[in-house]
Structure formats: C-alpha cells, structure tokens
1. What tally of residues in the stretch 352-362 results from selecting those that are open to solvent by 10 Å² or more (accessible area, probe 1.4 Å), part of a helix (DSSP H, G or I) and in contact (Cβ under 8 Å) with a residue 40 or more places away in the chain?
2. Return yes or no: is GLY89 at pLDDT 90 or above, under 19 Å from LEU22 (Cα atoms), touching an Asp or Glu at 6+ places or on another chain (Cβ under 9 Å) and small (Gly, Ala, Ser)?
3. Restrict the check to the stretch 363-385 and report whether at least one residue is under 20 Å from the mean Cα position of the chain (by Cα), closer than 26 Å to GLY62 by Cβ and assigned to a helix (DSSP H, G or I).
4. Inspect the stretch 45-65 for any residue being touching a residue at least 60 places away in the same chain (Cβ under 8 Å), touching a Phe, Trp or Tyr at 6+ places or on another chain (Cβ under 7 Å) and either within 27 Å of THR315 (Cα to Cα) or aromatic (Phe, Trp, Tyr) (or both) and give the result as yes or no.
5. Could you grab me the full set of residues in the stretch 186-226 that are closer than 19 Å to CYS132 by Cβ and of a type in the set (A, V, I, L, M)?
6. Of these, LEU212, LEU203, LEU247, which one is of a type in the set (A, V, I, L, M) and over 27 Å from LEU68 (Cβ atoms)?
7. (1) more than 20 Å from the chain's Cα centre (by Cα); (2) farther than 29 Å from ILE299 by Cβ; (3) modelled with pLDDT of 80 or more: which one isn't true of PRO211, the others all being true?
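The values are calculated or read from the model by the stated rules, or taken from the named source; none is laboratory data. Please read these numbers as outputs of a predicted model, since none were measured by experiment. Here the Cβ is made from the backbone with ideal geometry for all residues, glycine too, and neighbour counts use every protein chain on show. Please note that ligands, DNA and RNA were not included when accessible areas were found on the heavy atoms of the full protein model with its side chains. Shrake-Rupley method; radii C 1.70, N 1.55, O 1.52, S 1.80 Å.
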Amino acid sequence: MQSAGHTEITMPDWSAIAAVVLGVTAFSVAQGLTYPLISLTLEARGISTTLIGLNAVGFAIGLGAATLTLGALTARFRADRLIIASLIGCSLCLATFAATSSLATWFLARFLLGYFASMIFMIGEAWLNAACPDRLRGRISGIYGAGMCAGFAAGPLAIPLLGSESGFGFAISAIYLAIVAFATAMLMFSTRTTPEPSSTRDLFRFFKAAPLLILMVFAFGFADIAAISAMPVYFVKMGHSEAFAALSVTILALPTALAQPFIGLALDRLPRHGVAIAASLTAALGFLAIPFIEHPVLILIDYALMGGAAFSLYTCALTMLGETFRGGMLVAGSAAYSLAYAIGSGAGSGLTGSIMAAGGPAAGPLCVGAALLAFTALFAFSRRS
C-alpha cells in the first residue's frame, strides 16, 4: 500500500494544511450559498421543477467526470496548481451565473462547477493526509470537517442579505473565491509537501483494498442526504410546521461542525476503529429514535447528536485513509470517497423517499437507522482494512 521511497513525515506542513482548509472552507461557503440560490433564481424565472432538478444533476455529472480525469491531471500537473486553477474555475462559473440568464449556459456552468469542486475536495483531502503526521491526523481531519460543515451552514444564511432576484449573490461569491485562490497561492509558496500522482488503475485498486472504508463513506452519504432532504419532509408529514422542518436542517449543521474537532481528538487518543463504530451506532440510534420522540426540543437535540455522529463517519474515514495508505493511493482514495459519497447520497435521497411513500412517514427514519445499524454490525465484526 505504501509507495516506494515514501517515509512518514514527523512535522506537519502547516502551510499546506492551512491552504487546504482555507480552500475547502471557502468553497463550502460558496456552495452553501449558491446551491439553494440557483434553485430559487430559476424558480423565480418560471423554470419548471424538472429543469431545475436536471440542472442539479449537471453538478453531479461534473463530480463524476472529475473522478475519472483526476489521475491523468495529477500525473501532468502539480497538485497545488490544480487546486488554485479549480478555485479560479469555480469563481468563473459563479461569475457566469451573475453575468447571464441563458439556461443552456447555466447547465454548462453547473457541470463545470461540479467538476472544479470535486477537484478541490479530492486533491485537498489527499494533500491534507500527506501534510500531517499520524499523531495529529485525527485532529487535523476534525478541523477540516468543521470548516466544511461551518461553510455549508453559513452559506444559506447570506441569502436573505444578498437576495435571490439579482445576480449579486453569485457575483459576491465569485469575488470571494477569487480572493481565496490568491491567498491559497501565497500559502503554497512555503509548502513542503504535495500529493503524489495517481491513476484510474489506483482508483480500482483502492476499492478492492479498502471496502470497509468505502462502505463507511457510503453510509455517511446515505445518512447525510436522508437527514437533509427526507427528514424535513417527514417532519411536515407528521404535523410539524415548515419553519420547524427548516430549523431542523440548521440544527443539524452547526453542532456537527462544533463536534468534529472533538471527534478528531478522540481519533488521536482512542482506537480509531472503535470511534468509527461508536459514531455509526450513535447515528443509527438517533434515526431509530425519531418516530418515538414527540417534544420538538427533544427531537432537535436528537437530530443534533445524530447529525454530528453521521458526519463523524467521514472524519473517521478520512483519518483512516491517511493512516493506512501513502503516495498515489491517497489521491485514489479521495477519488473513491467522492464516488462512494455520490452513490450513497443518491441512494439515501431516492430510497428513503420511496420507502416513506410506500410505508408511511415513520418508515423513513426507521429504514435509515436500520441500514446504519447493519453497517455498524458489519464494521464491528469485520477485520479492518
């Protein structure tokens, strides 16, 4: 699994770590703002919900395309330059949303936004692991996860301030990312590490070498999207207000961000396998408990614990990736994680909605809880990859 000639670093490359966390947090803020903003803007123009949905699919296709081209790009270009180019690419895509109302152009820009975003996350996560010693890996992964969660949570809060009728929100996001790209480039002048090139063959090797880590990310994607998309529908169907359903998503995000540094500390102090099992079990019990809790405050407390535990699966997987693999396999693992999350989130939104339609609202959280419980058992009784 380890590449020839690679030795474990003893001192963290703080410049690289800061550049990666800064870049990913900045894009998370921009995505948290623009993801709902695109839908709201298209709806205000009278675009059908079908076309709005297809526009979102364009983003997902971009994510997949990036996964397939990552190996060739890392073999030809330096990883730090790819991250800067991707940040600039995201900025240009957002500027395109502000500059034109052409629906065809928006589809292309959405595809490219997904492509560049995936590059930022995949290369960034590989670099994060390459830049830190194992004794600090959990804590640094926790800070990274906190930045990502906080960014996604903060983005939508700017919509009431910037409005959704003009392109002002997109323009501000574009300028913001351009500034971050410049700051990231400045940090990269003093970095000591860089991810090694990968290949598509390494991607398939990783799926074979680490099925449980892949399953961990799949489970996170499944639970994450179910909590964000299906559970608000469940709350409305159970008689709660739409305001409560919206509040539940906010409550999900903020404690999740606050919890990740503590999860990272646990990953550095306790057996990482055990932390992952505890996180999965907590998330499973959180989903299973939802139909049996009536008081709104208790529901939100359960929801906060559930969300923090579910995202912790990704922090665990990211930490264990760097603990186990080296060299080009770090980039391959990050690409594999991107695919696993995409498949898991697709299954989480599709299956949970169908199960709720067939078996009633309560079947949704019970289904997700049971799936997480099965994963917990599998991970607990299988040899770690």
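1. Quick first cut of the stretch 352-362, residues open to solvent by 10 Å² or more (accessible area, probe 1.4 Å) only: 353-362.
Those left that are additionally part of a helix (DSSP H, G or I): 353-359.
Applying the additional criterion that residues be in contact (Cβ under 8 Å) with a residue 40 or more places away in the chain yields 353, 356.
Looking only at that region, the number is 2.
2. Numbers: at pLDDT 90 or above: yes; under 19 Å from LEU22 (Cα atoms): yes; touching an Asp or Glu at 6+ places or on another chain (Cβ under 9 Å): no; small (Gly, Ala, Ser): yes.
Here the answer is no, as GLY89 does not meet what is asked.
3. No, the stretch 363-385 contains no residue that is under 20 Å from the mean Cα position of the chain (by Cα), closer than 26 Å to GLY62 by Cβ and assigned to a helix (DSSP H, G or I).
4. Residues of the stretch 45-65 that are touching a residue at least 60 places away in the same chain (Cβ under 8 Å), as a first pass: 60, 63-64.
Those left that are additionally touching a Phe, Trp or Tyr at 6+ places or on another chain (Cβ under 7 Å): none.
No - not one qualifying residue is present in the stretch 45-65.
5. Answer for the stretch 186-226, where residues must be closer than 19 Å to CYS132 by Cβ and of a type in the set (A, V, I, L, M): LEU187, MET188, LEU213.
6. Numbers: LEU212 fails: over 27 Å from LEU68 (Cβ atoms); LEU203 fails: over 27 Å from LEU68 (Cβ atoms).
None of the others qualify; the one that does is LEU247.
7. (1)
Every residue, every condition in (1) within 27 Å of LEU247 (Cα to Cα); (2) modelled with pLDDT under 90; (3) of a type in the set (Gly, Ala, Ser), yes or no:
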site: PHE262; (1), (2), (3): yes, no, no
site: TYR303; (1), (2), (3): yes, yes, no
site: PHE311; (1), (2), (3): yes, no, no
site: ALA317; (1), (2), (3): no, no, yes
site: GLY346; (1), (2), (3): yes, yes, yes
